[in-house]
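Step one of this worksheet: look at the structure below.
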Amino acid sequence: MGKIISIFNQKGGVGKTTTSINLAAYIASFGKKVLSVDIDPQGNTTSGFGVNKDDLEFSMYDVIMGLDANKAIVEVFENLYLLPSNVELAGAEIELTARINRESKLKEALMSIKDDYDYIFIDCPPSLGLLSINALTASDSVLIPIQCEFYALEGVGQLMNTIQLVKKSLNPKLDIQGVIMSMFDGRTNLSIEVVEEAKKYFKGKVYTTIIPRNVKLAEAPSHGIPIMLYDKNSRGAEAYMELAKEFLEYDEGGY
Ligand code: ADP
Ligand code: MG
């Protein structure tokens, strides 16, 4: 049975897209069949996988509007598939407003293909809008990346409220999969404090693997490849590989 996981935090720049690309890539490399779903109109996961977002025959926009998801999905490499997105999707939020079950469009679209994959990761936009609500409604669980910076936990209350609201009204089974501490800088006490604070807040849900700040992770997307193919020996690559192992260990007791 496929598992659908939203990578969600309404703050921008916390590492959602970087996690969406690199976690998916490593998990696929371990032999799982993975679908990466881009539901951010910025399409950064799409371009990060080397897919030209300005030249898509079909995209997430069409899928949200009712197109068969299989028509939009492209194969990126072995075991890894992408449901791409681009700026067209920005209009969907407004167009959906008048539709029935507007929160469940993604869920409906993924229902029939869910079991074709082991994991489906959804890269959410940095907002609490209808697109994010669609992602949470479609998901079994949520992965929350948190940047190790001063205001890291600001907004986390709001994030948890949103998850609670969706759980109550739209998706009772929605679970927290785990919390990923990203852009860690070991030279600062601040980073260390933020991790401790997050561990207290999210009791038992914070992954042991911490993603360091590493310039290679920021460079890889401009080459359209995950860190695994860009510089597999970098600290960023090692961290995401460890995270992928920990994710699978926690989720299914092995990889
Ligand atoms: P989000 O999707 O939450 O907005 P991104 O994953 O796009 O966040 O990250 C924001 C920016 O920070 C991007 O330019 C990305 O390349 C960079 N970045 C993300 N994670 C790291 C990291 N661990 N080290 C260095 N740069 C990173
Ligand atoms: Mg992003």
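General remarks:
- With 26 Å as the limit, the listed pairs LYS53/LYS245; LYS11/LYS107; LYS173/LYS216 have LYS53/LYS245; LYS173/LYS216 beyond it between alpha carbons.
- Reciprocal of mean inverse Cα separation for the stretch 58-116 (Kirkwood radius, Å): 12.1 Å
- Maximal additional length on extending the VAL87-LYS173 stretch stands at 27.9 nm, based on 0.36 nm per residue less the C-alpha distance.
- Screening the chain for whole DSSP H helices of 27 Å or more along their axis (Cα) with average Kyte-Doolittle hydropathy at least 0.5 returns none.
- Loop GluC sites (Glu not before Pro), the stretch 112-213, which have at most 12 other Cβ atoms in a 10 Å radius of their Cβ (DSSP): GLU154
- Between LEU153 and GLU57, the distance separating the two model label sites (each 7 Å from Cα on the Cα→Cβ line) works out to 5.0 nm.
- Estimated Rh, the stretch 143-186: Kirkwood, alpha-carbon pairs, angstrom: 11.7 Å
- Trypsin sites (Lys or Arg not before Pro) lying in DSSP loop within the stretch 93-193, provided at most 15 other Cβ fall within 10 Å: ARG99, LYS173, ARG187
- Bridge type composition, the stretch 3-252 - antiparallel percent by DSSP, nearest 5: 10 percent
- The tail of the calculated P(r) for the chain, taken as Cα-Cα distances beyond 33 Å, holds 13 percent of the pairs.
- Spatially proximal aspartates and glutamates relative to LYS33 (Cα-Cα < 14 Å; intrachain offsets below 8 disregarded): GLU75, GLU78, ASP115, ASP116, ASP118
- Cα centroid separation, the stretch 104-137 to the stretch 151-228 (Å): 19 Å
- Hull shadow area, averaged, the stretch 1-85 [alpha-carbon convex hull, nm²]: 5.8 nm²
FYI, it's all coordinate maths here, none of it is from the lab. Quick caveat, the model's predicted, so the values are computed rather than measured. Reconstructed Cβ throughout: ideal geometry from the backbone, glycine too, with neighbour counts over all protein chains shown.
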